[in-house]
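Notes follow once the structure below has been shown.
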Amino acid sequence: MGGTAFVGRHIAQAAVDAGHDVTLYHRGRTGAGLFPGAAHVLGDRNSDADLAALRDGQWDATVDVNAYLPRQVRALAGVLDGRGGHQLLISTASVYRTPVAPGFREDAPLHEPIVAEFTMEAYGGLKVACEQAVLELHGPGSTVVRPTYVIGPHDYSGRLPWWVNRIARGGEVLAPGDAEDPVQVIDARDMASWTVALLQNSVAGTFHAVSPPPPFGFGQLLETIAARVAPPGTTLTWVGKDYLLARGLDDVAVPMWPGGDSESDINAADPAAAFAAGLAPRPLSQSIDEIREYELHSRAAAPDGVGLTPEREAELLAGWARR
C-alpha cells in the first residue's frame, strides 16, 4: 500500500531486488514512473470504490506503509477478504506512552487507542488502534514494525538532510539542548530489506526498527555528521533548551531535536528483538555519506519550515552569547 514515496519506495525496491512480483496500490501522485516491472493499481485508499480494484487477485504478503486510521486497516482487510497473505504494518515508536525508561522493549505501555480523524496530537493513539485492528483482523501471525526517525535517500521530511547540509556549510553550528538527549534512527534501505526478509521467512511479532542501541545522544549524531562532512573550522555551539523553547523553537525548526519533542523518551528503544530477527543497520557514517551524495545530486530544498535559516541561526547564537 503506497510504495512510491520514501519508506514504501525502499520496501518496493527491496522486494523487486529480491525477485518478487510486486503490486503497488497508490494514487499516482508521487513516483508514478517507478518500478515499470511492477503492477500499478491506482486509487485512493480512502475511497471504497477505488479499493474495489483489489477485489481480484491473490498475494503472499501485504505491506501497509500508509495506514494512519484504523478504518483504513479495516477497509483494506474487507476488500482483500483473506487474499492478502502475511500482513505487515509499518507503525511507529510514537505508540508508547511516555515517560518510558531507556532501553524499553516492545511490551512497554502504549497510548490508549484513538478512533478519530488524523491529527499529529492523535498520531500515537491512532497507530495503536491500527496495530490492534491488524492483529484482530489478521491474527497473531501478523507483523508490526515500529521505526523511529527513518533516514536515507528520498527522505521528503528533510530532517536529517537539513543537518547534513547545514554542517557541510561549516562555521558555527547551533546545536540544541543537551548533547546527551536521546535520539535513534533507521536507514530506510536497511528497514526495507529486513521487512522483505521477515515476510519471506514468515516472521511474526512486533519489532523496534531503531539504531543505535541506547544510550545514544544527539551530540553523538551531530559529531558523526561533522566527522563526515564538516569543513575545517566547523564548531558546534550547544544552546540551552529553555532558551530555545522560550523563543518558539521546536523539533521542526530544529529538526529531530529531542528537547523540542514532548515524547523524546521514545528515542531510547531496545532493538534487540529486531536484531535477533535479522535487522542489520549499516553504520551511521555510511548513511550520512550516502545522504550527502544524494543531496548534492538531487539539490532538493528542505520543506517549508524545516530547519533554521542562516539569519535566524545567527540571531539565536548571538543572543545566546550575550545572555
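The values are calculated or read from the model by the stated rules, or taken from the named source; none is laboratory data. Bear in mind that the values here come from a model prediction, so they are computed numbers and not experimental data. Please note: Cβ atoms are built from the backbone with ideal geometry, for glycine as well, and neighbour counts cover all protein chains shown. These area figures cover heavy atoms from the full protein model, side chains too; ligands, DNA and RNA do not enter into them. Shrake-Rupley method; radii C 1.70, N 1.55, O 1.52, S 1.80 Å.
Kindly indicate whether Pro161 is outside any helix (DSSP H, G or I), closer than 28 Å to Gly259 by Cβ and either of a type outside the set (A, V, I, L, M) or in contact with a Lys or Arg (Cβ under 9 Å, 6 or more places away or on another chain) (or both). Judged against the criteria, Pro161 is not a match.
When restricted to residues that are more than 17 Å from Ala268 (Cα to Cα) and either in a loop (DSSP other than H, G, I, E, B) or not polar (S, T, N, Q) (or both), the stretch 133-155 contains 15. Selection of the stretch 105-130 for residues being open to solvent by less than 10 Å² (accessible area, probe 1.4 Å) and in contact with a strand residue (DSSP E or B) (Cβ under 7 Å, 6 or more places away or on another chain) yields Val128, Cys130. Summed over the stretch 169-192, the residues that are touching a Leu at 6+ places or on another chain (Cβ under 9 Å) and part of a helix (DSSP H, G or I) give a count of 2. Exactly one residue among Asp251, Asp265 is under 17 Å from the mean Cα position of the chain (by Cα), in a helix (DSSP H, G or I) and modelled with pLDDT under 95, and that residue is Asp265. Just one of the numbered conditions (1) assigned to a loop (DSSP other than H, G, I, E, B); (2) open to solvent by 30 Å² or more (accessible area, probe 1.4 Å); (3) closer than 13 Å to Gln184 by Cα is not true of Met256: (2). Need pairs with beta-carbon distance below 6 Å; first residue closer than 24 Å to Gly278 by Cα and in contact (Cβ under 8 Å) with a residue 60 or more places away in the chain and within the stretch 208-224, second assigned to a strand (DSSP E or B) and small (Gly, Ala, Ser); sequence gap 6+ or separate chains. From residues that are closer than 24 Å to Gly278 by Cα and in contact (Cβ under 8 Å) with a residue 60 or more places away in the chain, the pairs are His208/Ala269; Val210/Ala269.
Number of residues in the stretch 32-54 that are assigned to a loop (DSSP other than H, G, I, E, B) and open to solvent by less than 30 Å² (accessible area, probe 1.4 Å) equals 4. Report whether or not Gly82 is modelled with pLDDT under 95 and not hydroxyl-bearing (Ser, Thr, Tyr). So Gly82 does not fit the description; no.
The single residue among Gly103, Gly152, Gly124 that is at positive phi, touching a helix residue (DSSP H, G or I) at 6+ places or on another chain (Cβ under 6 Å) and not aliphatic (A, V, I, L, M) turns out to be Gly152. Candidates Leu279, Leu236, Leu245: the one that is in contact with a helix residue (DSSP H, G or I) (Cβ under 8 Å, 6 or more places away or on another chain) and either charged (D, E, K, R) or assigned to a loop (DSSP other than H, G, I, E, B) (or both) is Leu279. Inside the stretch 180-220, residues that are open to solvent by less than 40 Å² (accessible area, probe 1.4 Å) and over 29 Å from Val128 (Cα atoms) make up a count of 1. Of all the residues in the stretch 100-121, those that are at pLDDT 95 or above, part of a loop (DSSP other than H, G, I, E, B) and not basic (Lys, Arg) number 11. Mind checking whether some residue in the stretch 132-154 is hydrophobic (A, V, I, L, M, F, W, C) and without any contact (Cβ under 8 Å) to a residue 40 or more places away in the chain? Yes, there is a match, as at least one residue in the stretch 132-154 is hydrophobic (A, V, I, L, M, F, W, C) and without any contact (Cβ under 8 Å) to a residue 40 or more places away in the chain.
Candidates Pro176, Pro140, Pro153: the one that is crowded, with 17+ Cβ neighbours inside 10 Å, at pLDDT 95 or above and over 25 Å from Glu263 (Cα atoms) is Pro153.
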